[in-house]
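A.B. asks: Structure below; questions to follow.
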Amino acid sequence: MRKGFIITAVIILVALFATIFWFPFLWWAGLIILPILVLGLVDYFQKSSNIRRTYPLLGRITNFLEEQRHVVQESLLLNRTEGKPFNWIQKEIVYKRAANTLMNQPFGTQIPYDQVGREWFTHSTYPANQINDDFRVLIGSSHCSKPYSASILNLAGMSFGSISKNATLAFNGGAKIAGFAQNTGEGGFTPYHQKYGADIIFQFGIGYFGCRDAEGNFDAKKFTDIASNEVVKMVEIKISQGAKPGYGAILPAKKNTKEIADFRDVEQGTEIHSPAFHSAFGNDVEMLKFISDLRTLSNGKPIGIKLCIGQKDEFESMVKTFAEKQNYPDFIAIDGAEGGSGAAHMESLHWAGMPIIEAVHFVNGILKNYGLRDEIKVMAAGKIISAFDIYRMLALGADTCYSARGMMFALGCVQSLKCNLDTCPTGITTMDPSRVASLVVSDKKTKVANYHKNTIEGFKELLKSMGLENRKGINKKYILRLMNENGTKTYQEIYPN
């Protein structure tokens, strides 16, 4: 094939020059054929791709299909239940609710009931007539002087820089319209988080972006300036996240623009390394001291921690310390191992951390065992899309939920999986101005608000169908899972108290 290509190329070149010599008016043929031959010769002599070297030109088609494999599958090949991480049915739920359009479907479910692992809820013979619940949760322990009333569905942390300016603005506008909280992510507190006046959960992580000194350590004064802002309702310390628990992070130099550098308190154009551990504390007792300091600096606002559950004994030891010291965070945000990230290490993405269902049940049980369940609220994050997803989390013990990718679908995300390449086609996870401009804030903020509103309405209808008038009746016994070909179990049986 390789030798044949060279022979063919030589023949074509000779024929091309002969044709142009005898028929000068066909000069344009050279403009078409010469670039193709040049590409073929480049393929022939390059050494990085075996396929292109063996099959010049044709190998490029294979490489292109490999690079666009997910896009082709999502667009043309997969049925409604096969897409990953989210299938079309899940995406369609968000798209329809965001568009506030026809939110029903004919001809029955396409999710087979005989598939092991299939879950469903049990309805009542006598549905409830009305719902008496505002679906808000007061977050703030007895140590907190300014508790916050949060929606049961909020925007999970997504930093400006990992998402675009327009995406951040649309989320802020949507959160304000629908009345839920926007988590800043660990990339700092920006004017885009303040534009429309939505409630803000200020998150900082191991890099202390937005509240760090020149050496990268926590800066109390900068934190106080942020925490004292009226729109900041709670503070979240990120210890770890679902997609890469226990791993550090890198902000590439090419993404570290002047604007991002200013918001993150770093030097423009440099590669920023965030370690996997905090410099402000290194054990449970030091963390409690840090939380107490933050409460004072924020003038009594709720302070929480975010983590993905790993080694169970470590978490239980942490909660035991909370009980012994009678000091604790106001909330714990649990990130499931199935959580997303713009970029994560291969091993951590696929194999690290506890899944959200197991994690929420575990955390709820440990807090109960040490008598802290009424003091510490639990927030759950990990592929929360539908009202059924919310019900599962609340039944297992969560008080509220976070959604990131669900909210991204409301912005128009198509799951192209290009979040880490700065080539997002929808303008959500890119800093490319031409792509960002594709995301129209005035339209998308309304769609984000619609998605939240209609999901809460869906949750109300779900509760009514179960004969429940409020959240107090939520119970694990109302969820069933097909365990094998011969039987099912309720969540109460699978996850006993």
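The values are calculated or read from the model by the stated rules, or taken from the named source; none is laboratory data. Please read these numbers as outputs of a predicted model, since none were measured by experiment. For neighbour counting, all protein chains shown are included, and Cβ atoms are generated from backbone atoms with ideal geometry for every residue, glycine included.
A.B. asks: Do you know which of the residues in region 267-294 that are among the β-branched types (Val, Ile, Thr) and within 27 Å of the chain's Cα centre (by Cα) is surrounded by the fewest Cβ atoms within 10 Å (Cβ to Cβ)?
C.D. replies: So the residue we want is THR270.
A.B. asks: Something else: Of the conditions (1) in contact (Cβ under 8 Å) with a residue 12 or more places away in the chain; (2) over 27 Å from SER151 (Cα atoms); (3) surrounded by fewer than 22 Cβ atoms within 10 Å (Cβ to Cβ), PRO433 clears all except one; give me its number.
C.D. replies: Every condition holds for PRO433 apart from (1).
A.B. asks: Criterion first (at pLDDT 95 or above and in contact with a Pro (Cβ under 7 Å, 6 or more places away or on another chain)) does ILE303 satisfy it? Can you show your working first?
C.D. replies: Details: at pLDDT 95 or above: yes; in contact with a Pro (Cβ under 7 Å, 6 or more places away or on another chain): yes.
Yes.
A.B. asks: Restricting to region 191-249, what's the tally of residues that are more than 26 Å from SER151 (Cβ to Cβ), among the small types (Gly, Ala, Ser) and at pLDDT 95 or above?
C.D. replies: 1
A.B. asks: I've got another one for you. Any residue in region 294-305 that is within 14 Å of LEU138 (Cβ to Cβ) sitting within a Cβ distance under 9 Å of a residue that is hydrophobic (A, V, I, L, M, F, W, C) and in a helix (DSSP H, G or I)? List the pairs, counting only those 6 or more apart or interchain.
C.D. replies: Pairs found: LYS301/ALA227; LYS301/LEU294; GLY304/ILE291.
A.B. asks: Can you find, within region 374-393, the residue that is surrounded by the most Cβ atoms within 10 Å (Cβ to Cβ) among those that are more than 21 Å from LYS238 (Cα to Cα) and out of contact with any strand residue (DSSP E or B) (no Cβ under 8 Å at 6 or more places or on another chain)?
C.D. replies: Taking region 374-393 and keeping what is more than 21 Å from LYS238 (Cα to Cα), we get 374, 385-392.
Applying the additional criterion that residues be out of contact with any strand residue (DSSP E or B) (no Cβ under 8 Å at 6 or more places or on another chain) yields 374, 386-387.
Values: ASP374: 10, SER386: 20, ALA387: 22.
Top of the filtered list is ALA387.
A.B. asks: Kindly evaluate ALA387 against the criterion of being of a type outside the set (Ser, Thr, Tyr), assigned by TED's automatic domain parsing to the domain that holds ILE474 and within 24 Å of GLY473 (Cβ to Cβ).
C.D. replies: yes
A.B. asks: How do the helices (runs of 4 or more DSSP H) wholly within region 415-497 filter down when requiring 1 or more residues that are modelled with pLDDT of 95 or more: which remain?
C.D. replies: Details: elements: 433-436, 441-465, 491-494.
Answer list for region 415-497: 441-465, 491-494.
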